[in-house]
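J.: Quick one: this structure, given as structure tokens, is what I'll be asking you about.
What follows draws every value from the coordinates through simple rules; no lab data is involved. Predicted model only: the values in this text are computed from it and were never measured. Every residue, glycine as well, gets a Cβ built from its backbone with ideal geometry; the counts of neighbours run over all protein chains shown.
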Amino acid sequence: MPLRANVAIIAPKLIATAKIHGKASAVVGVDWQEELALKGYWEVHGEFPSPTATHDALVGASLAQSLGIAPGQTIQVQGQDFTVRGVLLPTGSDDDAVLFAPLAAVQTMAGKQDQATFLEVAALCSGCPIEDIVLQLQEALPGTEVKALRQVAESRMYAVHFAQDLAFYVSLVILVTALAMIIMSMLSSVNERKKEIGIMRAVGFSRSSVFAVFVSEALGIGALAGLLGYVAGCFLATYVLASLHLTEGPVQLFSLQHLLATTALVAGAAALAAAFPAWKASLVEPADSLAAV
Amino acid sequence: MQKTHTSPFIQAVQVSKRYPGAVKPVLEDVNLQVQRGEFLAILGRSGSGKSTLLNTLSSLVLPDSGSIYMEGTDICKVKEKERNRLRSHTFAMVFQQHHLLPYLTALENVLLPFMGGLGHVTKAQRQAALDMLENVGLQGKENSRPGTLSGGEQQRVAIARALARGAKVLFADEPTGSLDSVTGDAIMQLLHSLNKQGVTVIMVSHNPEYARQAQRMVTMQDGRIVGIAHAPNE
């Protein structure tokens, strides 16, 4: 059964890049009437462009901030003047970083008359058979990739969750490996320092005091490692972000709260890992360890 | 805890000890009394049990059977916490190999018994350690590390560490064993000087000459006491 009746909005888009105020930026050509109907959740500082306007523009929040663009301003894009009617309030999506302009103007600017990069189709109904609509669109538009937004969102969320899970499990493996290394290293240290432990016990250190000596050593080393690790991580991340050009300008990565939390966490983990070796150290008999020297 | 009214300062009663895997006991039914302020030497060949007897008297090693009394209290039956307290406050140990911590200065080594785990020492404790270093003739060497000191000086630091908390009994296991004769003589003089100051000294030695300088000399063989000799003037 044809489902054409369910299709409420068809919003074509052409994506191009252009220099705005000397900076390469993404420009999205839209049909204002369709776009504004589709993006009913948009909020704007200023006003929305008139549906029939040919040279009105809307600017995403972060792009407006980085270029210093305000509503009412006229900007030049590839030789064409556009009047910025409004600046979108942050949406948390890609819309924040682009300039929206009339589709025809962008097609002319990009030299792609009557072309679109993609079409957004909205089916305004409850319980629509989205998969069937996608199927019928694929049949009607052979050679075109048709995807339900939900599928796209699910696909993106899957990618995001996969990356998060991967990062979590890699971190977990690194943490477990680090703890195992601390345990091995501390056990080795206990073996090497049996004489020292024997001396401590001989001069009156209790078993709990010996335990405290080793755990406090691990705590101190762990705190130092956490501190240096956090600082080194900040420097490395800043360098990597800068070299990949993923951000605009310097990024503030350092946070005192994160530093303290990292230091405390690593110190705590090191102390926890040192508990077993420290317990072994506390069992060292002074007479045996001193006689063995 | 068991108390006796007219007890010697330290007393070993029927003490036996066998190390795991050993065929013969290293101590067998040993009885010994040590009086307050005495200088006692324990003499014997290697393996005769003299060091084990010393470690048993000082509570470093617990006997398999028998009792060790300290002023009438059986220290084998007190809690470990109390034995730790005895080792840090009443007993003092000196070993043949000095056993100083190489990364600590002479003063820090002497302060070790005060640290008790987390390293905090008071001004009074620091002063006591400095006084003890001066008492053993090491004033000016407080900040020297063991590696820069001679064998005799290292042994003096070990003695200062042992006595810094005002111990009443000094257990010395071959204190001159790793020293030349001149330095050994000096250490013996120091031990006699400390004994005159009221410290009870129980010393294990291979050297009959040094052992004869004690007020009493106990000879051990195969885990048993086979002879007790008193100094001529005793």
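J.: In whole Å, how far is the Cα centre of the stretch B:206-228 from that of the stretch A:50-118?
T.: 103 Å
J.: Another question, if that's okay. For the protein assembly as shown, with only Lys/Arg (+1) and Asp/Glu (-1) charged at the beta-carbon, what is the dipole magnitude about the Cα centre, in debye rounded to 20?
T.: 2840 debye
J.: What angle do you read, to the nearest 10 degrees and between 0 and 90, between the alpha-carbon axis of helix A:149-192 and the longest principal axis of chain A?
T.: Compared with the principal axis, the helix lies near 10 degrees.
J.: Say we join alpha carbon atoms closer than 10 Å with springs in a Gaussian network model of chain B; which of B:V23, B:V204, B:V110 then has the biggest fluctuation?
T.: It is B:V23.
J.: Just in the stretch B:1-85: which trypsin sites (Lys or Arg not before Pro) are loop by DSSP and have at most 14 other Cβ atoms within 10 Å? Walk me through the intermediate numbers first.
T.: Values: sites: B:K3, B:K17, B:R18, B:R36, B:R45, B:K50, B:K77, B:K79, B:K81, B:R83, B:R85; in loops: B:K3, B:R18, B:R36, B:R45, B:K77, B:K79.
In loop regions of the stretch B:1-85 (DSSP not H, G, I, E or B), the sparsely surrounded trypsin sites (Lys or Arg not before Pro) are B:K3, B:R36, B:R45, B:K77, B:K79.
J.: Right, another one. How much length is gained on full extension from A:H161 to A:S62, taking 0.36 nm per residue of separation minus their Cα-Cα distance?
T.: 33.1 nm
J.: Arrange B:E142, A:E145 by Cβ neighbour counts within 10 Å, fewest through most, would you?
T.: Ascending number of Cβ neighbours within 10 Å: A:E145, B:E142.
J.: Taking N as the number of residues in the stretch B:10-230, what is its alpha-carbon radius of gyration divided by 2.2 N^0.38 Å?
T.: Cα Rg divided by the expected 2.2 N^0.38 Å: 1.00.
J.: Please name whichever of B:M203, B:G166, B:Q213 sits farthest to the positive end of the charge dipole of the stretch B:10-230, dipole taken about the Cα centre and charges placed at Cβ: Lys and Arg +1, Asp and Glu -1.
T.: B:G166
J.: Now, a different point. On each of the three principal axes of the Cα atoms of the stretch A:22-175, give max minus min coordinate, whole Å, ordered largest first.
T.: 53, 47, 31
J.: Across the residues of B:79-88, average count of Cβ atoms on other protein chains within 10 Å?
T.: If you average over the peptide's residues, the count of other-chain Cβ atoms is 3.
J.: In a GNM of chain A with a 10 Å cut-off on Cα contacts, which of A:S62, A:S243, A:S25 has the highest mean-square fluctuation?
T.: A:S243
J.: How many Cβ atoms of partner chains, on average, are near each residue of A:276-288 if near means within 10 Å of its Cβ?
T.: 2
J.: May I pose another question? What share of Cα pairs, in percent, lie more than 18 angstrom apart in the stretch A:1-51? All intermediate terms of the calculation are to be shown ahead of the outcome.
T.: Details: 651 of 1275 pairs.
Percent of Cα pairs beyond 18 Å in the stretch A:1-51: 51.
J.: Enumerate the helices in chain B for which the Kyte-Doolittle hydropathy averages -0.5 or more and the C-alpha atoms extend at least 15 Å along the helix's axis, using complete DSSP H runs.
T.: The qualifying helices are B:151-163, B:181-196.
J.: Can I ask one more? Can you tell me the Rg and Dmax of chain A, counting just the alpha carbons, in angstroms?
T.: Here Rg and the maximum Cα pair distance are 31.2, 97 Å.
J.: Right, here's the next one. Write down the Å³ per residue value for the convex hull defined by the alpha carbon atoms of the stretch B:125-173.
T.: Convex hull of Cα atoms, per residue: 72 Å³.
J.: Can you sort A:V84, B:V157 so the residue with the fewest Cβ neighbours within 10 Å comes first?
T.: A:V84, B:V157
J.: For the pair B:K77 and A:L260, how long in nm is the line joining their label points, each one 7 Å along Cα→Cβ?
T.: Going from the B:K77 label point to the A:L260 one covers 5.4 nm.
J.: Rank the residues A:F168, A:F100, A:F276, A:F82 as a footprinting-exposure proxy: fewest other Cβ atoms within 10 Å of their Cβ go first.
T.: On the way: A:F168 10, A:F100 28, A:F276 14, A:F82 25.
Lowest to highest Cβ neighbour count: A:F168, A:F276, A:F82, A:F100.
J.: Tilt of helix A:130-140 relative to the longest C-alpha principal axis of chain A, in degrees (0 to 90, nearest 10)?
T.: Here the helix axis deviates by roughly 50 degrees.
J.: Among DSSP bridges having both ends in the stretch B:10-230, what percentage is antiparallel? Round to the nearest 5.
T.: Within the stretch B:10-230, antiparallel bridges account for around 50 percent of the total.
J.: Pull up the cross-link candidates among the aspartates and glutamates for A:K13, meaning alpha carbon to alpha carbon under 17 Å and not fewer than 8 places away within one chain.
T.: Straight-line reach from A:K13, under 17 Å: A:D31, A:E34, A:E35, A:D56, A:D94, A:D95, A:D96, A:D114, A:E120, A:E145.
J.: Taking θ = phi - 60°, what integer Hz values does the Karplus form 6.51 cos²θ - 1.76 cosθ + 1.60 yield along the stretch A:209-219, in sequence order, with x for Gly and Pro?
T.: For the stretch A:209-219, the Karplus curve yields 5, 4, 4, 5, 4, 6, 5, 5, 4, 5, 4 Hz.
J.: Explain nothing, just the number: dipole magnitude of chain B about its Cα centre with +1 on each Lys and Arg Cβ and -1 on each Asp and Glu Cβ, in debye rounded to the nearest 20.
T.: The dipole magnitude comes to about 560 debye.
J.: For B:K77, which aspartates and glutamates qualify as cross-link partners when the Cα separation must be under 19 Å and same-chain residues fewer than eight apart are set aside?
T.: Of all the aspartates and glutamates, those that pass the test against B:K77 - Cα under 19 Å, at least 8 places apart if same chain - are A:E285, B:D29, B:D64.
J.: Which of A:K19/A:K112; B:K50/B:K79; B:K50/B:K81; B:K24/B:K50 have a Cα-Cα distance over 23 Å?
T.: Over 23 Å apart, Cα to Cα: B:K50/B:K79; B:K50/B:K81.
J.: Averaged over A:193-202, how many beta carbons belonging to a partner chain fall within 10 Å of each residue's beta carbon?
T.: 5
J.: Give the shape of the stretch B:170-234 as rounded, prolate or oblate, defined through the alpha-carbon gyration tensor: a ≥ b ≥ c are the square roots of its eigenvalues, a/c under 1.5 means rounded, and otherwise the shape is prolate if a/b is larger than b/c and oblate if not.
T.: Because a/c hits 1.5 or more and a/b fails to exceed b/c, the stretch B:170-234 counts as oblate.
J.: Can you figure out the FRET efficiency of B:H230 with A:N191, using R₀ = 56 Å and their beta-carbon distance, to the nearest 0.05?
T.: 0.80
J.: Oh, and also: If you place +1 on the Cβ of every Lys and Arg, -1 on the Cβ of every Asp and Glu, and leave all else neutral, what size is the dipole of the stretch A:4-146 about its Cα centre, to the nearest 20 Debye?
T.: Rounded to the nearest 20 debye, it is 440 debye.
J.: Okay, moving on. State the volume of the convex hull built on the alpha-carbon positions of the protein assembly as shown, expressed per residue in Å³ and rounded to an integer.
T.: Output value, Cα hull per residue: 267 Å³.
J.: I'd like the FRET efficiency for B:R85 and B:D131, computed as 1/(1 + (r/R0)^6) with the beta carbon distance as r and R0 of 22 Å, rounded to 0.05.
T.: FRET efficiency, B:R85 to B:D131: 0.50.
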